[in-house]
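The values are calculated or read from the model by the stated rules, or taken from the named source; none is laboratory data. Predicted, not measured: the structure shown is a model, and the values here were computed from it. For neighbour counting, all protein chains shown are included, and Cβ atoms are generated from backbone atoms with ideal geometry for every residue, glycine included. Remember, those area values only see protein heavy atoms, side chains included, never the ligands or the DNA or RNA. Shrake-Rupley method; radii C 1.70, N 1.55, O 1.52, S 1.80 Å.
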Amino acid sequence: MCGIVGYIGWQDAAPLLLKGLKRLEYRGYDSAGIALLNGTLSVMKQKGSVGGLEKDTHTLRQEIPGATLGIGHTRWATHGEPSDRNAHPHLNAAGDIAVIHNGIVENFSALKQELVSQGYVFVSETDSEVLVHLIDRIWKSEPSLDLETVTRSALRHVEGAYGLCVISSREPDKIVVARKGSPLVIGIGIGEFFIASDAAPIVEHTNKVVYLSDGELAVVTREGYSIKTIENVEQEKIVTELDFSLEKIEKGGFEHFMLKEIFEQPAVMHDVMRGRVRLEEGRLCLGGIEDYLDRLKQAKRIVICACGTSWHAGLIGEYLIEEFARIPVEVDYASEFRYRNPIVGVDDVVIVISQSGETADTLAALRTAKEKGALVMGICNVVGSTIARETLCGMYTHAGPEVGVASTKAFTAQVIMLYMLALALSKGRTISNEEIVLNLKELVSIPEKAARILELDSQIKSIAERFKDAKNVLYLGRGFNFPVALEGALKLKEISYIHAEGYPAAEMKHGPIALIDEDMPVIFIATRDNTYTKILSNIEEVRSRKGRVIAIANEGDQEISRLAEHVIYIPQASGPITPLLTVIPLQLLAYHIATLRGCNVDRPRNLAKSVTVE
Ligand code: G6P
């Protein structure tokens, strides 16, 4: 997804901007550009990587040496193909205003038509270009206005989402920034300020930040910043201290962020539980929802909305909450929920789950649920994210920054949160205190079991070598492990580009069985729970059609080795908690298959880490 950086201060802006853009690469992008201001305004932008841009900015930097103000952008195409001219920043015809923009201008074609009829010439196919011409037009009609005011007036015409930065050689000592639906953060240094679409480019310079809220516009100078609403009402903002360090977002010795994040899972599991699981007291302390727990327990129904991997965590949440708390749960794709006039009201609780806390569809589902009167709760990883701020109550997963586009540690953190939530909703209602303590004891034993699974990495890599050339892979699981089958398949397709599908194992006979032959690897999650014998029958069905079986099974299971070509043995755990373990070999398998195929696992093609547009 697009990324924004900006700098105003006393240092050479170009290297700072380029480094900042590199920190944002993990979000996914197809082109990049920067604008520098030092008396004159100069832009360099092109299709391709920030590394490529860095080489070419050499000339630009010679043209305007010593610029201490600039803005930079990584673009992920929405309107118009990835190309040099569609890359940001966009300039007005006179070349004295530059704009970078994240989000989508929904009424761009009406605005464009109007501007074209007034003689404006568009050089790109982007929606974003209308912004710079709009600002230019307003400024031309009232030249006495300042950049802040003309930007504010321009934004009043704009429908849609934006996080944007505007600079101009007519007012060479400021950056005007504004936000509606697309995140923006201002980092506060000494005599310098950093602007970015998330904290990753800022954290190495300062840990003091201010998050802009929707509908706010800020003017940042070397002396300070002022924040007002688009309607020109002054805003008092809280300065937040970032609580993660740069090392945490670097690779820490692993070849890829994804592998690092897979291996971080035992530690993350501890972090998620820290202070929340009070084993000695036999209880849970879920600070972010404590005041609402009684209302949550009284819910007639819980609806979980999310996208991608978070949706899979939501499916596991459905099984967990229904199993323990006996409250009916529905799980909806956020994108479907928001557009189907959902039946939801004051008796319902809507839980939105999002690693980034910025996913556009999930945010819209949250707002729809709120409008309809539901109690909206969030489970997010990114502190201060929009979803976290807009939900009535919620819990942070504390998984740390997740850089790999394919989500791994955030998923397991979400599942632990849902496990704790299900138990908290059960307390005093559906299960005894003794059972809660037993379940909590099992939960705290999980990180150590996860660490043992990670020791199987080389075995999993050798299995990956055998299956790396597969064209299709089927993932089957039942009960709590059905969503894990979906997640395993998603991981593989996201990063290796092999077609993969997850199914509830019993559904195999209603379709996927037709695909099975000697070229079809089938991955079974066959842990010992109440569906174990059924899974064995499903494995037999695949074997009799010459399918190649890989099984995830419990240590000590001899029977399965007779049936499967490869078995990955994991520690014993009870059914509801197994997803936290069974998913790990599937993450590793996807990772190794993808790297063996030479794929860029951290930044898979066409995917973005944070999908802040529809
Ligand atoms: C993108 C990412 C996925 C993620 C999904 C939802 O598609 O590539 O890894 O699961 O968005 O993101 P969220 O931040 O809302 O969990």
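Just so you know, in segment 470-496 the residues that are among the charged types (D, E, K, R) and away from the ligand (no atom under 16 Å from the Cβ) include one that is most open to solvent (accessible area, probe 1.4 Å), and it is Lys471.
Every condition in (1) open to solvent by less than 10 Å² (accessible area, probe 1.4 Å); (2) of a type in the set (S, T, N, Q); (3) without any contact (Cβ under 8 Å) to a residue 60 or more places away in the chain holds for Ser462 except the one numbered (1). When each of Val383, Val444 is tested for being away from the ligand (no atom under 16 Å from the Cβ) and either buried (at least 16 other Cβ atoms within 10 Å of the Cβ) or aliphatic (A, V, I, L, M) (or both), the lone residue that passes is Val444. Close contacts from segment 222-237, counting a first residue that is of a type in the set (D, E, K, R) and a second that is open to solvent by 80 Å² or more (accessible area, probe 1.4 Å) and in a loop (DSSP other than H, G, I, E, B), with Cβ to Cβ under 9 Å and a gap of 6+ residues or different chains, come to Arg222/Trp10.
Only one residue in Leu423, Leu418 is part of a helix (DSSP H, G or I), in contact with a helix residue (DSSP H, G or I) (Cβ under 8 Å, 6 or more places away or on another chain) and within 14 Å of the ligand (Cβ to nearest atom). Which one? Give the steps one after another, and end with the answer.
Values: Leu423 fails: within 14 Å of the ligand (Cβ to nearest atom).
Sole residue among the options that is part of a helix (DSSP H, G or I), in contact with a helix residue (DSSP H, G or I) (Cβ under 8 Å, 6 or more places away or on another chain) and within 14 Å of the ligand (Cβ to nearest atom): Leu418.
What is the residue count in segment 227-258 for residues that are modelled with pLDDT under 75, of a type in the set (S, T, N, Q) and open to solvent by 50 Å² or more (accessible area, probe 1.4 Å)? So the answer is 0. Restricting segment 350-379 to residues that are part of a helix (DSSP H, G or I) and either within 15 Å of the ligand (Cβ to nearest atom) or on the phi > 0 side of the Ramachandran plot (or both), the residue that is surrounded by the fewest Cβ atoms within 10 Å (Cβ to Cβ) is Arg367. Close Cβ contacts (under 7 Å, 6 or more residues apart or on different chains) running from residues in segment 396-411 that are within 8 Å of the ligand (Cβ to nearest atom) to residues that are acidic (Asp, Glu) and in a loop (DSSP other than H, G, I, E, B) comprise Val405/Asp602; Ala410/Glu402. For segment 337-349, filtering for residues that are modelled with pLDDT under 95 and either in a helix (DSSP H, G or I) or near the ligand (Cβ under 8 Å from one of its atoms) (or both) leaves 2.
Of the residues making up segment 139-189, those that are more than 22 Å from Asn102 (Cα to Cα) and either assigned to a strand (DSSP E or B) or modelled with pLDDT under 95 (or both) are Glu171, Pro172, Asp173.
Rundown of residues vs (1) among the β-branched types (Val, Ile, Thr); (2) within 16 Å of the ligand (Cβ to nearest atom); (3) part of a strand (DSSP E or B); (4) open to solvent by 10 Å² or more (accessible area, probe 1.4 Å), yes/no style:
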residue: Lys534; (1), (2), (3), (4): no, no, no, yes
residue: Ile539; (1), (2), (3), (4): yes, no, no, no
residue: Ile552; (1), (2), (3), (4): yes, no, yes, no
residue: Leu581; (1), (2), (3), (4): no, no, no, no
residue: Ile584; (1), (2), (3), (4): yes, no, no, no
residue: Gly598; (1), (2), (3), (4): no, no, no, yes
residue: Arg603; (1), (2), (3), (4): no, yes, no, yes
residue: Ala608; (1), (2), (3), (4): no, yes, no, yes
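Restricted to helices (runs of 4 or more DSSP H) entirely inside segment 226-317, those with at least 3 residues that are under 21 Å from the mean Cα position of the chain (by Cα) and within 16 Å of the ligand (Cβ to nearest atom) are 257-263, 265-273. When Glu330, Glu323 are checked against the criterion of being more than 14 Å from the ligand (Cβ to nearest atom), among the acidic types (Asp, Glu) and either open to solvent by less than 10 Å² (accessible area, probe 1.4 Å) or under 25 Å from Gly275 (Cα atoms) (or both), a single residue qualifies: Glu323.
In this structure, is Thr391 within 16 Å of the ligand (Cβ to nearest atom), among the hydroxyl-bearing types (Ser, Thr, Tyr) and at pLDDT below 95? Before you say what the answer is, go through the steps one by one.
On the way: within 16 Å of the ligand (Cβ to nearest atom): yes; among the hydroxyl-bearing types (Ser, Thr, Tyr): yes; at pLDDT below 95: no.
So Thr391 fails the test.
Checking the structure you have, find out if any residue of segment 57-68 is at pLDDT 95 or above, hydroxyl-bearing (Ser, Thr, Tyr) and part of a loop (DSSP other than H, G, I, E, B).
So the first thing to find is which residues in segment 57-68 are at pLDDT 95 or above, and the list is 68.
Within this subset, residues satisfying the condition of being hydroxyl-bearing (Ser, Thr, Tyr) are 68.
Filter once more, keeping what is part of a loop (DSSP other than H, G, I, E, B): 68.
Yes, that holds for at least one residue.
Just one of the listed residues (Asn86, Asn107) is of a type outside the set (Ser, Thr, Tyr), in contact (Cβ under 8 Å) with a residue 24 or more places away in the chain, closer than 22 Å to Arg156 by Cβ and touching a His at 6+ places or on another chain (Cβ under 9 Å), and it is Asn107. Could you tell me whether segment 506-523 includes any residue that is of a type outside the set (D, E, K, R), modelled with pLDDT of 95 or more and surrounded by fewer than 17 Cβ atoms within 10 Å (Cβ to Cβ)? The answer is no; no qualifying residue exists.
Being surrounded by fewer than 18 Cβ atoms within 10 Å (Cβ to Cβ) and hydroxyl-bearing (Ser, Thr, Tyr) is a property that does not hold for Ser153. Here Ser561 passes the criteria (1) away from the ligand (no atom under 16 Å from the Cβ); (2) under 21 Å from Met258 (Cα atoms) except the one numbered (2).
Matching residues to (1) within 19 Å of the chain's Cα centre (by Cα); (2) more than 29 Å from Leu588 (Cα to Cα):
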residue: Glu336; (1), (2): yes, yes
residue: Leu363; (1), (2): yes, yes
residue: Val376; (1), (2): no, yes
residue: Ile379; (1), (2): yes, no
residue: Glu390; (1), (2): yes, yes
residue: Lys409; (1), (2): yes, no
residue: Met417; (1), (2): yes, no
residue: Ala422; (1), (2): no, no
residue: Ser426; (1), (2): no, yes
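In summary, Arg528 fulfils each of the numbered conditions (1) of a type in the set (Lys, Arg); (2) surrounded by fewer than 21 Cβ atoms within 10 Å (Cβ to Cβ); (3) within 30 Å of Ala161 (Cβ to Cβ) with the single exception of condition (3).
Here segment 190-199 is the region considered, the condition is being among the aliphatic types (A, V, I, L, M) and outside any strand (DSSP E or B), and the residue that is least open to solvent (accessible area, probe 1.4 Å) is Ala199.
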